[in-house]
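**Student:** Let me give you the structure first, and then I'll get to my questions.
Values quoted throughout were computed directly from the atomic coordinates according to the rules given, and no laboratory measurement underlies them. On a predicted model such as this, the values are computed, not experimentally measured, just so you know. Cβ placement follows ideal geometry from the backbone for every residue including glycine, while neighbour counts extend to all protein chains displayed.
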Amino acid sequence: MEKWILLGMAPVFLGLIVLEAWYWRSRRPEMYSWVDTLSNAGLALMHQVADALAWLLVIGLYYWVYQYRLFDWPATLWSIFALFLAQDFLYYWFHRASHRIRWLWASHVTHHSSERLNLSTAFRQSLTYPISGMWVFWLPLAWLGFEPTHIIAVVAINLGFQFFVHTQAIPKLGWVEKIFNTPSIHRVHHARNPKYIDRNYAGVLVIWDRLFGTYVEEDPEVPCEFGIIGQVHSHNPITLTFHEWIAMFRDAGRAGGVRAAIGQLLCPPERAASHARRDP
C-alpha cells in the first residue's frame, strides 16, 4: 500500500521538481545538476524496490503482533488521527535514533550526502532501511491495535508530506513553524553547521522537537551548509548506499573484541573509529 500511495503522488512530485528547477534556472542555476538529480532518482528506484520487498516479508509479523493488540480501534476520523499522531511520534524517535546510532545512520547517511538541497533530494533514500530496521519502529502501533495496512498507509503519507519540505525556495511560514515541519525547519536538519547538528527531526509535526529539546530555528546570520562531515564526492548510487556500511564493518572488524565491535555498530556516528561520515 505504501508503494502505491507514493507512486500515485509521483506525478505531483515530478511536476514540482521541474517547476523548482525552472524557478532556480535564472536565479541560482547551481541549485540543480543533472548528475545529482539522476543519482537521486536512481536511489529512489532502488529504495522503492527494497521497501516493497521488505513489507511483503514483515507484514506477517505485524499481523502476528496485531493479534495480541491492547485495543480495538473503530474506523473513525478520531482513530485515523490517533494513528497519525502515534506514527509521527514514533517517526521522531526513529529519525533521532538514525542520527545517534551508527547502525541506523549507515542507511540514513545516504539521504544527507548531497551538498544540494532541492525537492529531488527527497528522493535520495537508501535501499538498506529494511536491514537497519526502520520497520521495527512501527511495530508498537500494531500492538496498540492499529490495523497493519492502515499503519503502512500512514507511514507513506508521512513520508509523502516530507517531500515538500526539501526546498530552499520557500521562506519561513510564520505561525505554521510552531506546529508543522516546514522547509525552513528542515533546512536546519540537513545543514552541517555546528549550530544545526542533530536538530529538527520532525516528520509532519515539529511539536516533538520543541517538547524534547531538539528544535533550532534557522538563523539568517548562519546560512545552511548542506552535505555531511567527511563528504563523499560521488554520484554513484552504489557508493552512496554502501560507503558507511563498509566503513562501519571495517571499524568493527578492527575493534579488538566483540564488545568493542558491537560498540562500533551502536555508537554515535561521530565517535566511530573512522570518524564516520555523518551529517548534522
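**Student:** Please rank Met134, Met46, Met9, fewest neighbouring Cβ atoms within 10 Å first, as an exposure proxy. Kindly include the intermediate steps, with their values, before the conclusion.
**Tutor:** Working: Met134 22, Met46 19, Met9 16.
Fewest to most other Cβ atoms nearby, the residues stand as Met9, Met46, Met134.
**Student:** May I ask you to derive the relative contact order of the chain, considering only C-alpha pairs under 8 Å and at least 6 residues apart, and to give it as an integer percent?
**Tutor:** Computed value for the chain: 24 percent relative contact order.
**Student:** Using 1/(1 + (r/R0)^6) with R0 = 45 angstrom and r between the beta carbons of Gln67 and Val258, what's the FRET efficiency to the nearest 0.05?
**Tutor:** 0.80
**Student:** A further question on this structure: Looking only at Ser126, Ser114, Ser26, which one moves most when the chain is put into a Gaussian network model with springs between Cα atoms under 10 Å?
**Tutor:** With Cα springs under 10 Å in the chain, the top fluctuation among Ser126, Ser114, Ser26 is at Ser26.
**Student:** Additional query: When the Karplus curve 6.51 cos²θ - 1.76 cosθ + 1.60 is applied with θ = phi - 60°, which whole-Hz ³J(HN,Hα) does each residue of region 76-93 get, with x for Gly and Pro?
**Tutor:** 10, 4, 5, 5, 5, 5, 4, 5, 4, 5, 5, 5, 5, 4, 5, 4, 3, 6
**Student:** Here's a follow-up. For Leu85 paired with Asn236, estimate the spin-label separation in nm (one decimal), with each label point 7 Å from Cα along the Cα-to-Cβ line.
**Tutor:** For the pair Leu85/Asn236, the computed spacing is 4.9 nm.
**Student:** What percent of all Cα-Cα pairs in the chain falls in each 5 Å bin, counting up from 0?
**Tutor:** The distribution over the chain is 1, 6, 12, 16, 18, 18, 14, 9, 5, 2, 0, 0, given as percents.
**Student:** I've got another one for you. Step through the residues of region 36-50 one at a time and calculate ³J(HN,Hα) from phi using the Karplus curve (6.51 cos²θ - 1.76 cosθ + 1.60, θ = phi - 60°), rounding each to whole Hz and writing x for Gly and Pro.
**Tutor:** My calculation for region 36-50 gives 5, 5, 5, 4, 4, 5, x, 5, 5, 5, 4, 5, 5, 5, 5 Hz in order.
**Student:** Work out from phi, with θ = phi - 60° and the Karplus expression 6.51 cos²θ - 1.76 cosθ + 1.60, the ³J(HN,Hα) of each residue of region 100-111, listed in order in whole Hz, and give x for Gly and Pro.
**Tutor:** Taking θ as phi minus 60°, the curve returns 10, 10, 4, 4, 6, 4, 4, 7, 6, 4, 4, 5 Hz for region 100-111.
**Student:** Under a 5 Å amide H to amide H cut-off, with H placed in plane at 1.01 Å, what residues pair with Ser33 once short-range neighbours are removed?
**Tutor:** The answer is none.
**Student:** Follow-up question, since we're still on this one. Would you grab the residues whose amide H sits under 5 Å from the one on Leu205? Only those 5+ places off in sequence or on another chain, please, with H modelled 1.01 Å from N.
**Tutor:** Asn181
**Student:** Report the far tail of the P(r) of region 1-157, meaning the percent of Cα-Cα pairs longer than 26 Å.
**Tutor:** Summing the P(r) of region 1-157 above 26 Å gives 35 percent of all pairs.
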